[in-house]
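Okay, so here's the structure we're looking at.
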Amino acid sequence: MLTRMGDASMVEMSYDEIVADVNAANEETSKKAKCPMLSKGDMDALIDIICNPSEFVSVKRGNEVCLTYDGPCSKFIRMGVELNRGQAVQVYENALMADTSELSSVQYSFKLQNTYYPEEQGAAKQILHNTTLPVVYGAMPNMSLYAKPDGPFENPAELLPQGKVKEAQEAQEQAAAMMRDNLVFCAKHMSEIGLDGIDFDTAASAGDAEFLGCLEAIEEIKRLYPDLSVLIGMSGEFVLGMHGRVKYKGKRLAGMWCYDQALACAEAGADVFGAVVNVNCSKSFAWNLTKAVQLYKYTGEVSPIPVFGNVGMGVGGVPMSDIPPRDCVSRVSTALAEIAKLDGL
Amino acid sequence: MGYGDPAGMAIAHAQAAGMGGVRTTGDLVARMMMQKKMRLPEAKKYVAEKLGIKENEMWKMTDEIFMGEKRVELGLGGVYGGQGAKAKGIETKINISRLLDLEINCVEKFKKFSGIEF
């Protein structure tokens, strides 16, 4: 049957080869991530979804989940369709069945957006008056932008190859502190204009120090602006140990898998946790989807707050292509809703 | 969901597994998860109770025909602008805040800056 690889290229696999890949992913993921294996019932249901002869697969009635969007305002601009941001949010609400939406800028980093927050507030006010669905403000914490040449602090990516580990750690701690203050600054202005929440997209992309900065920002935001929901979407299935020694409430952040990330975010006060499982482009779609279902399911089971699975390009089992193939995307949605039992995507 | 064109990403996910947004009850359920940290089954149950939907009628939560009429009746908005839509935008959120017993940030700001109490 026709299926795909993680890079979205079409490949022909037999039923037995798909079953072998599902079994292999189940075992490997359990071993590497130290999480439970999927049950036989879950594996059979997953194989049925993957091998369904229809191009498009959907959930059974009653198993629907809520959807969130990272950077929806840029999606049409990226296609060369010059919708303004208010129009983009209205298109998502009225034409694309969105359950939530997000005000975002093409400059999708908190460090940059804090220089033009009045303009963001102006756009937010119009959107909030003209729409019904919940609207958050989204951007990336992006701690790397605080290092030279873009920021004031020394660049750990240059220090580490020189063996200057202590200096690299100090630079990351300084950058994380400034990033944390920027996140809280943005939250203040988005709360005062009336937005429903704030979304940290690709949190911990620069590693464990960035994750700590985000967690501390969440604590501060929930204390100062309790009317703002905090959504945190991660960037990797485990946190990179670029610093290696930072801890949050006694737990080391480097190497933390998604299920423990959820617990840390819940402890900090986050309202929704966005788990990530990275796609391996050299493996089949079946392999990647099994890994995603397994890790998302376990994360959902241990988390005390809602878990939304990241399912953009290259995550959650969705192949790495900026034109996502609907055969895979629909199977990802269905599997994560029905087998992983996520609260949303 | 992140990178990907709306047809392949947003539409595909929404048609495969989405609650349906303002066509049905997706936005209402999402609010309960975001504001009260409810997990999905609890959020669906809460919204269903507020809408008067019985446990054995949960299919109504994602039925566009039932919810389309219900939303107009309760002033909760929908996808159309005119055509008897009644409430739209901030008006619908005022009604949603009452229905779900929720303090919605922009509704509170509307009250504060307009001086209107309700």
Quick check on my filter: what residues within segment A:1-40 are without any contact (Cβ under 8 Å) to a residue 60 or more places away in the chain and either part of a loop (DSSP other than H, G, I, E, B) or touching an Asp or Glu at 6+ places or on another chain (Cβ under 8 Å) (or both)?
A:1, A:2, A:9, A:14, A:39
Restricting attention to segment A:150-178, the residues that are touching a strand residue (DSSP E or B) at 6+ places or on another chain (Cβ under 6 Å) and either open to solvent by less than 10 Å² (accessible area, probe 1.4 Å) or in a helix (DSSP H, G or I) (or both) number exactly 3
The one condition in (1) within 11 Å of chain A (Cβ to nearest Cβ); (2) open to solvent by 10 Å² or more (accessible area, probe 1.4 Å); (3) of a type outside the set (Val, Ile, Thr); (4) within 12 Å of the chain's Cα centre (by Cα) that residue B:99 fails to fulfil:
(1)
Taking segment A:128-145 and keeping only residues that are open to solvent by 10 Å² or more (accessible area, probe 1.4 Å) and over 22 Å from residue A:205 (Cα atoms), one is left with A:129, A:130
Which listed residue is closer than 22 Å to residue B:78 by Cβ and among the hydroxyl-bearing types (Ser, Thr, Tyr), from A:74, A:101, A:30, A:39
A:101
Flag if residue A:22 is more than 22 Å from residue B:17 (Cβ to Cβ), of a type outside the set (Gly, Ala, Ser) and either open to solvent by less than 30 Å² (accessible area, probe 1.4 Å) or more than 14 Å from chain B (Cβ to nearest Cβ) (or both):
no
Considering only segment A:313-329, state which residues are facing chain B (nearest Cβ under 8 Å), buried (at least 24 other Cβ atoms within 10 Å of the Cβ) and in contact with a helix residue (DSSP H, G or I) (Cβ under 7 Å, 6 or more places away or on another chain).
A:318, A:324, A:329
For residues that are in contact with an Asp or Glu (Cβ under 6 Å, 6 or more places away or on another chain) and assigned to a loop (DSSP other than H, G, I, E, B), scanning just segment A:41-78, find the one that is farthest from the other protein chains (Cβ to nearest Cβ).
A:55
Give segment A:66-99 a look and list any residue that's without any contact (Cβ under 8 Å) to a residue 60 or more places away in the chain and hydroxyl-bearing (Ser, Thr, Tyr), or say none.
A:69, A:74, A:92
Can you say whether residue B:98 is in a helix (DSSP H, G or I), modelled with pLDDT of 95 or more, among the charged types (D, E, K, R) and closer than 20 Å to residue A:97 by Cβ, as far as the supplied structure shows?
no
Somewhere in segment A:263-272, is a residue under 22 Å from residue A:218 (Cβ atoms), assigned to a helix (DSSP H, G or I) and within 12 Å of chain B (Cβ to nearest Cβ)?
yes
Starting from segment A:179-200, take each residue that is within 13 Å of another protein chain (Cβ to nearest Cβ) and surrounded by fewer than 24 Cβ atoms within 10 Å (Cβ to Cβ) and list its partners that are in a helix (DSSP H, G or I) and of a type in the set (D, E, K, R), counting only C-beta distances under 7 angstrom and pairs at least six apart or across chains.
A:193/A:125
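The values are calculated or read from the model by the stated rules, or taken from the named source; none is laboratory data. Given the structure is predicted, the values throughout are model-derived calculations rather than measurements. Heads up, the Cβs are rebuilt from the backbone with ideal geometry, glycines too, and the neighbour counts pull from every protein chain shown. Calculation scope for accessible area: heavy atoms of the full protein, side chains included, ligands and nucleic acids excluded. Shrake-Rupley method; radii C 1.70, N 1.55, O 1.52, S 1.80 Å.
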